[in-house]
1. Quick query: amide H of B:Arg470 versus all other amide H atoms, modeled in the peptide plane; which residues come in under 5 Å with a sequence gap of 5 or more or a different chain?
2. Fewest first, what order do B:Phe57, A:Phe147 take by the number of other Cβ atoms within 10 Å?
3. Only helical DSSP H runs with n ≥ 4 go in: add -39500 (n - 2.57) per run for chain B, normalise by residue count and round the 222 nm mean residue ellipticity to 500 deg cm²/dmol.
4. With an 8 Å Cα cut-off and a minimum separation of 6 or more residues, compute the relative contact order for region B:55-130 in percent.
5. Normalising by the residue count of chain B, find the relative contact order in percent from Cα pairs under 8 Å and 6+ residues apart.
6. Name the helices (complete DSSP H segments) of chain A with a Cα length along the long axis of 15 Å or more and a Kyte-Doolittle mean of at least -1.0, or state none.
7. For chain A, what is the mean residue ellipticity at 222 nm derived from helices alone (per DSSP H run of n ≥ 4: -39500 (n - 2.57); sum divided by total residues; nearest 500 deg cm²/dmol)?
8. Simple spin-label model, 7 Å along Cα-to-Cβ: B:Ser205 to B:Ala148 in nm?
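Nothing in this text is a laboratory measurement; each read-out follows from the coordinates by a stated rule. Computed from a predicted model, the values in this text were never measured in an experiment. Virtual Cβ from ideal backbone geometry, glycine too; neighbours counted across all protein chains shown.
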Amino acid sequence: MALKYAYHPGNIAHSSATEVSQTMDPTARSLGIDLYPMNGATSCGAGIIRQANDLLQVTLNARNFAIAESMGMDIITPCAATAGNLNEDLSRLRRDPLLLEKTNEVLERTTGLTMTGDLGVHHLLHVIVDEIGLDNVSQKVRNRIDFPIAGFYGPNMQQEGACGDDDVFDPQYLEMLIRALGGEPILWESRTQSVGVPGLFSEEATVLRQIASTIGDAKSEGAAMIVSACTLSHTALDVYQGKAGRATGISTNIPVIHLTEMLAFAMGHYNNRLAQLRTRIAVIGD
Amino acid sequence: MSASPMLILFGSESGNSEDLATIAEKKAKSLGLTPSVKGMDEVEVGDLPGFQNILIFCSTWGEGEMPDNAIDLWEAANGDSAPSLSGCNFAVCALGDTSYEFFCQSGKDWDGWFEKQGATRLLDRVDCDVEYDDPAAEFTTNALALIAASGTGGATSLEEEQPGEAAEKTADAPEETAAEADSGDLEGLLSSGDRSLILLFGSQSGNSEGLAAKISKDAKSYGLEGEVHDMDGFDFNSLSGKKRVLIVCSTWGEGEMPDNAEDLWQFSISDSASRLDGVYFGICALGDTSYEFFCQSGKDWDGQFEKLGATRIIERLDCDVDYDSPAAEWILDALPALAAVDSTGHFHEDMVDAIKMYASGASTGAEGEDGFSMPEVKSEPVQASVTVFRYDPETSSTGTDTWLCSLPGHMSVMDVLRTLKTSQDGTLTFRDGSPDDSNTAVSINGRLVLPGLCRLDSVAPMRDGAISLRIEPLPGFEVIRDLAVDPWSLERKRESSKPWMVAATREGAHTPQGVMGTMDPAIATRLHSMRDFCSQNILHSSSDAVPHANGYLGPAVIASTWSRRSDPRTSPSKVEEIDTMLSSSNGIKAETDLASINRQSSVPKAVSESLLDAKNSVLTGDGFNGKHGKHVWWYTWTVKSSGMVNDTVIYRQALGPFALLGNLFSGVTARMVLGFTRTGGNVFNGMLGMVAPPAGIGKMPKQLNSSVDNHHEVVAIFNEMDGRF
């Protein structure tokens, strides 16, 4: 029986990370996940709206929760930042009845919706490991992703209560999944660290050092590719890797793909893209 | 050539003295001398006047007793027929163990006897501890040089040495070395002889006095007997007979001594002050960086003690107004060093680390100051793989060491480190201390913790029946060695933030106790919770930006400063100063991602929320100008406009034309446009890419978003919650 989830694609799957939205649908089909779009859902705020007005982000996400509750489903997202931010706000609303009451007042007055907090927010990775099972996943593999792969989690998703049964600081889910897909997981220290995406436009020098340090760590451990569970970090690690390398002198050329791409390729979708990825790893190295 | 006779005489129980005598013989021969080596049981006391030069190597046994082969000679020497030794030169090298009360007593006895018999001392007696090699070698070299220079070192008048004797003695050497090493008893050092520690305080407000009292209390753990003295009325010259002195002194006014210290200071710089040779000292100076002559009194004492010949055993500590933490850390280094000074004034530097271990092991259980004790829940042994980061500053080499061990699950990680140090690798370096000592913090698998408060079986998940720990120093600090980091970079940042209170003049409240300043309890609680982080080092390290942003003050300094900013007692001018600092390039805007701080369980939510408040305040105060403000503003604005993020708008508005141009040449734009070459996706994303390139090409986002369903609800929420957007 298919798993049904209210689907939140994250913040930039519709714009600068279209490959995520393109690969999420076939991946979900192969894994037996029915994705139901959350019509009307907004950005999770990415922790940025919070910097302007904390309660504004909480209220916007309360509306997202209300939409999912009206659908009777938990939320699934392929973006670690979205999973982290939604979980953080949901957790606050659950443990603070006064905040929940006040938020519901605003929500009802402006949208006619209310929320109870009786739902879950899951990252795709946690659904795969905790709900679907890695044995089932490995049976569906059509193309082995047989590279040394560094899995990147980022800090947003790795919060107490937001990362399934995985450890916050020493996670294993991504490594277990990579192994189930035929890859060789690399153990590296930077996999849960921030690459500073919220400060990308304002503190670029620092963020470039964070990006270069993270990629350098993966490469020094022998990774041929980085797979990111976070859409925002994935884009920063991919697009800014050249600039980060030039700014720091660290070798940063390495293919960076998103978790949904790796899954789609393994499940037999977009074989041409997988072939292109193999060429990048074997020949270009970027 | 007719050489004068020379005797090398040894009194030995385990063979060490004999070995030294043999070495001396070889050296003497290399200088052209012709010595005779004899055990004390091989000569009669009446033979001694026949030698012009006598070198004595003698160990001490038991409670200051002669070694077995020396007993008879010593008894004869103290009999009625003791000969005169006028015209004879002698020198004594005494071997002993400072852990015994009668250290080197036999050597001292022979030294005194030869002098009493009229012999001339070639050079001062050398008293050697268990590590005798270097001082004994120096003694031998100096003594033989003097004899060789005088031309009086000659052939023996006794029977010739038996062939093969030296070889037999050398063969015995390893056994005796082991026996001597066994006697190196730490507890003996810490419990024998004079263990007094003189603590002098110069205090105006009472802080120095309180700190001196605390040090005195702590000193007991190191086998020291602290004696706290007010500088006022203290006899300065009595220090010349002491071995260990520690001064805690504040500075007053324009670099002046506190009132109770002025007289002692004047005496110390007068001609009447005694020399302090043989005295080991340390100075803890209290001051305030807002004054020009910061810690001047402490600096004065430091210089004067050195001038009078005392030996500085630890670098002076200059404390700012918040002296608790640095002083506590300094004490952890000062007391072990002072404790390693024995009653004869010899500093056993090699035993300092062992003393630290000894003292830290002395603290037991989880006793609180209120006497409440937490029961220790014991658990079965667990298999643990412990990987520890290693750094050797001498070779600048880094690496890791891994130990596989079975340890009790209830053991703290601090105890694991201690166990590894004592049983596996004595060079393993980490900051030891009480369980809640914030300076002991380390990173375990990326989790920042106080190792004394973490049980082995709960600090990391059990996988395949074992626990795997990766222990590393706190990120964001310079590493001194292995797990020990240098906290002073943070202290300097804290100092630069001028963390002290500058209060506004306030109206006092009329209370039954009189007119006094009061504070609303809710505000007081909030202020407290903002700074209620267990370790400022951990909070500082929790930011992933700190290691990469050179000037960034870091979350610990920001949180403390924001607390001061939120304090209603703070003066308007101080608030303005804090606002300027917080909004500077090294302030809260330098924090690139608060998520890394939020997820550390050691950082309370109230602290991370206060950092968010600080950021919000700064951005609002700046009118959302600058790159940071614009990024936040336009991100929020685009969500209001369509419900979704519009990367293009943020990119254009936050970066501005020059930065966009920069990205064009730095390759960022190219990687976005050519994104399809990496993803394998479409070149054009819809019609937009064809009519308004580069938008919509490769990974370049669209310029316009369609609105989410029921977009009017989003606008209504914005209008309700924040009319600025």
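1. Result for B:Arg470 returns B:Thr387, B:Asn445.
2. On the way: B:Phe57 33, A:Phe147 21.
The fewest-first ordering by Cβ neighbours comes to A:Phe147, B:Phe57.
3. Values: 25 runs with 277 residues, N = 725.
Result for chain B, helices only: -11500 deg cm²/dmol.
4. On the way: 137 pairs, mean separation 29.8, N = 76.
Computed value for region B:55-130: 39 percent relative contact order.
5. Values: 1277 pairs, mean separation 45.2, N = 725.
Worked out over chain B, it gives 6 percent.
6. On the way: long enough: A:18-31 (20 Å, -0.61); A:54-71 (26 Å, 0.37); A:80-95 (22 Å, -0.79); A:97-111 (20 Å, -0.45); A:204-220 (23 Å, 0.01).
Helices meeting the span and hydropathy rule in chain A are A:18-31, A:54-71, A:80-95, A:97-111, A:204-220.
7. On the way: 12 runs with 132 residues, N = 286.
That calculation yields -14000 deg cm²/dmol at 222 nm.
8. Each label point is offset 7 Å from its Cα along the Cβ direction, giving 6.3 nm.
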